[in-house]
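These notes are about the structure you will find just below.
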Amino acid sequence: MTQPMISLRSVSKRFGTFAAVDAATFDIAPGEFFSLLGPSGCGKTTLLRMIGGFERQTEGDILIDGEPMGVRPPNLRPTNMVFQSYAIFPHLDIAENIAYGLINRGLDKTSIAKKVDQALEMVRLTGLGGRRANQLSGGQRQRVALARAIVCEPKVLLLDEPLGALDKKLREEMQIELRQLQKSLGITFIFVTHDQEEALSLSDRIAVMARGKVLQIDTATALYERPNCREVAGFIGNMNFFEGRISSIAGGTAAIEIAPGQHVRVSATEGAAPGQAAIVAVRPEKIDVATASPSGMQNAIKARPLAGSYLGDRSLLLAEWREGTPPISVSLQNRTTAIGPETFGSGSSLWLTWPVEAGVLLHS
């Protein structure tokens, strides 16, 4: 990485004894689309607000383009923010809303008009500058908020769940537009969301947060395929977990005893050793189903079908492999009928199989 656009060094925010953000340390590259992902209350919005200067960190340092921000207020930082509520002024028309920050900077009217027209064109609202907010759709109001933020040409654009108020179809359309806009502008976006699919589809890298801590920072592919802990594995997509203890390691493969005399095998990770408690995590779509005992598979578990549903592009099957444990979720692609207990017959059993490399070894 060249000089980072954003550098966080042991940044914490405490409210009394509660740590909303706990010692966050990472860099964000220039022009990167970086997402903060996590459940409500994990600290992602607080972290975003500290970068923007709306909250003051209790500890640590924030640098933007190599410059320490210290206690610099929001209006003196090279950032701008798009809020979930859009915060469009109802007494101003769209062009006046977009021009608001430029007017405060003292630009002349000709320069302001030119920049506003350019911003309207960027967000595909050309010709709508004279309308009021109540004359626009939700997607158009979102574009106004974006135009108002980018017209001042910030080095960093901060987006606090900006698509949360939109319906599913419009949200998906705006995701595409937002990514295209970021690529055309080339500026750094920091995007807060609790929506996993949204973060995976938009981001160059994602920071997964929980309880004020940054658990893992990586690309969407790496987070999905190689989570570093159970919490990340369970939050990103659906995951099945088999708990047990490492019984042996040979040839880079660890054997995990998940029940007396029953093992599953997974690629060993650095530091893994026999006797350690461990978890094998397997994605539903990586599991295959067989009605007869398979041969040659290192991972094969006998199970009982519980329920199933047809979801169009795939069918979802739930199966019980051991009483008292959570059911195993299996995603089967391109099925034409619902998969359920009736598919296999009353009292039937099936086999769940997956290759060694499909699982992820996590330490419990």
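Rounded to the nearest 10 degrees, the inclination of helix 138-150 to the longest alpha-carbon principal axis of the chain is 60 degrees. Restricting the trypsin sites (Lys or Arg not before Pro) of region 29-96 to loop positions (DSSP other than H, G, I, E, B) with no more than 14 neighbouring Cβ atoms within 10 Å leaves ARG56.
Sorted from greatest to least, the principal axis extents spanned by the alpha carbons of region 1-145 come out as 49, 31, 26 Å.
Sparsely packed loop sites in region 235-277 (the GluC sites (Glu not before Pro) outside DSSP H, G, I, E and B with at most 14 other Cβ atoms within 10 Å) comprise GLU270.
Taking each residue as 0.36 nm, the span from SER348 to GLU243 lengthens on full extension beyond its C-alpha to C-alpha distance by 35.3 nm. Amide hydrogen proximity for MET209: with H placed 1.01 Å from N in the peptide plane, the residues at 5 or more positions away or on another chain lying under 5 Å are LEU37, GLY38, LEU215. Here the relative contact order of the chain, from alpha carbon pairs under 8 Å that lie six or more residues apart, stands at 15 percent. Taken one residue at a time, the phi angles of region 316-325 give Karplus couplings (6.51, -1.76, 1.60, θ = phi - 60°) of 10, 10, 10, 9, 9, 9, 7, 4, x, 10 Hz. Gly and Pro are set to x. As a rough guide to protection, the peptides 74-87, 97-110 ranked by mean Cβ packing within 10 Å, highest first, stand as 74-87, 97-110. Using a Gaussian network model of the chain whose springs link C-alpha atoms within less than 10 Å, name the residue from GLY52, GLY41, GLY251 with the highest mean-square fluctuation. Fluctuation is largest for GLY251. Axis angle, to the nearest 10 degrees, between helix 168-185 and the longest C-alpha principal axis of the chain: 60 degrees. Each of LEU120, PHE18, LEU332 was scored by the projection of its Cα onto the charge dipole of the chain, and the greatest displacement toward the positive side belongs to LEU120; charges sit on the C-beta of Lys, Arg, Asp and Glu.
Summing charges over all other residues whose Cβ lies under 11 Å from the Cβ of LEU352, with Lys and Arg as +1 and Asp and Glu as -1, gives +1.
A cut-off under 15 angstrom between Cβ atoms defines the neighbours of CYS229, and their net charge, with Lys, Arg +1 and Asp, Glu -1, is -1. Provide, for region 6-231, the number of lysine pairs with alpha carbons under 15 Å apart, each pair being eight or more places apart or on different chains. Lysine pairs satisfying the spacing and distance rule in region 6-231 number 4.
Under the classification rounded if a/c is under 1.5, otherwise prolate if a/b is larger than b/c and oblate if not, where does region 208-364 fall, given a ≥ b ≥ c as square roots of the Cα gyration tensor eigenvalues? Oblate, because a/c is 1.5 or more while a/b does not exceed b/c. What is the helix-to-structure angle for 94-104, meaning the angle in degrees between its Cα long axis and the longest Cα principal axis of the chain, kept from 0 to 90 and rounded to the nearest 10? Between the helix axis and the principal axis of the chain, the angle is about 70 degrees. Phi angles of region 41-47 translate, via the Karplus equation with coefficients 6.51, -1.76, 1.60 and θ = phi - 60°, into HN-Hα couplings of x, 7, x, 5, 5, 4, 5 Hz per residue; Gly and Pro are given as x. Across region 251-261, computed HN-Hα scalar couplings (Karplus, 6.51 cos²θ - 1.76 cosθ + 1.60, θ = phi - 60°) run x, x, 10, 9, 9, 10, 7, 9, 7, x, x Hz from first to last residue, x flagging Gly and Pro.
Projecting the Cα atoms of GLY106, PHE83, ILE176 onto the dipole axis of region 77-228, where Lys and Arg carry +1 and Asp and Glu carry -1 at the beta carbon, places GLY106 farthest toward the positive end.
Selection among MET69, SER247, CYS152 by position relative to the dipole of the chain gives CYS152 as farthest towards the positive end (Cβ unit charges, Cα centre). Between the alpha-carbon centres of region 1-28 and region 240-311 there is a gap of 37 Å. Sorting the segments 126-136, 23-33, 288-298 by their residues' average number of neighbouring beta-carbon atoms within 10 angstrom, most packed first, yields 23-33, 126-136, 288-298. The DSSP beta bridges internal to region 6-231 are antiparallel in roughly 50% of cases. For VAL82, the residues whose modelled amide H falls within less than 5 Å of its own, excluding neighbours fewer than 5 places apart on the same chain, are LEU158, LEU159, ASP160. Computed about its Cα centre, the charge dipole of the chain is approximately 580 debye, with only Lys, Arg, Asp and Glu carrying charge at their Cβ.
Taken together, the values in this text are just the output of simple stated rules run on the coordinates, not laboratory data. In this text the structure is predicted, and so the values were computed from the model without any measurement. Note: ideal-geometry Cβ built from the backbone for every residue, glycine included; neighbour counts use all protein chains shown.
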